[in-house]
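In what follows, a single structure is set out as structure tokens and then discussed.
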Amino acid sequence: MHIPELSLFHYYERAAEPFRSLTSLPEAEAQAVQASLTGFAAQRSADYLPRRRTLETEMRILFLQAGGQPQRTAPHSLVIGECPFLASWYHDPAVFRLSLNSVDPSVISFTYGDSFPTFSDRVQDRREYRRRIYTLPEILHLIEQYGLPQEIWPQEPHFFGQPAYVEAQLWSDDPLCTLPATLQS
């Protein structure tokens, strides 16, 4: 199967390393890091970490059921395509870019929209992409059908649940260590 020339983007604070996952840390350490965050990430609710761990477990199970082969218990989060408003979440933003063609499809899943609202019981619009994990061929079909959310709504979403981007859950460290990627300003 030919995959279109799409790229994955990971936005992060320049002073920090990319791909730092709170849910990969022991609970006490994760809580301490969460408490030290500033900017958009500091606005998270007190139950963020338990909810994030539960959500990642659910997504991992769904990905396994779809034939995925996750190598991590907590995924690295990226988005398909550039999403400039994500940079506004950071004081001094940086972005990591990775070609989607360079990632083994068996270690990456997707949600159409951010995984939190996609799996939230608060969102009751019954869209086909709610509470779903997609494989690469499936998400490419959905993007062909609906487009990339950040191209449809280029500004930050106005309401909880509005898809803002296609989130990619990378369930392996390998593409980050061995394949070409570029760090941008």
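Points worth noting:
- Cβ pairs under 6 Å, 6+ apart, first in the range 117-146 and within 19 Å of Tyr48 (Cβ to Cβ), second modelled with pLDDT of 95 or more and of a type in the set (S, T, N, Q): Thr118/Thr111
- When the test is whether a residue is at pLDDT below 95 and either under 15 Å from the mean Cα position of the chain (by Cα) or within 16 Å of Gln169 (Cβ to Cβ) (or both), Leu86 passes it.
- Any hit, the range 172-185, residues being modelled with pLDDT under 90, touching a Lys or Arg at 6+ places or on another chain (Cβ under 6 Å) and β-branched (Val, Ile, Thr): yes
- Taken over the range 108-163, the criterion of being at pLDDT below 90 and among the aliphatic types (A, V, I, L, M) is satisfied by Val123, Ile152.
- Search result, residues across the range 49-68 that are over 14 Å from the mean Cα position of the chain (by Cα) and of a type in the set (A, V, I, L, M): Leu49, Ile61, Leu62, Leu64, Ala66
The values are calculated or read from the model by the stated rules, or taken from the named source; none is laboratory data. Note that the coordinates shown come from a computational prediction; the quantities given were computed from them, not determined experimentally. Cβ atoms come from the backbone with ideal geometry, glycine included; neighbour counts cover every protein chain shown.
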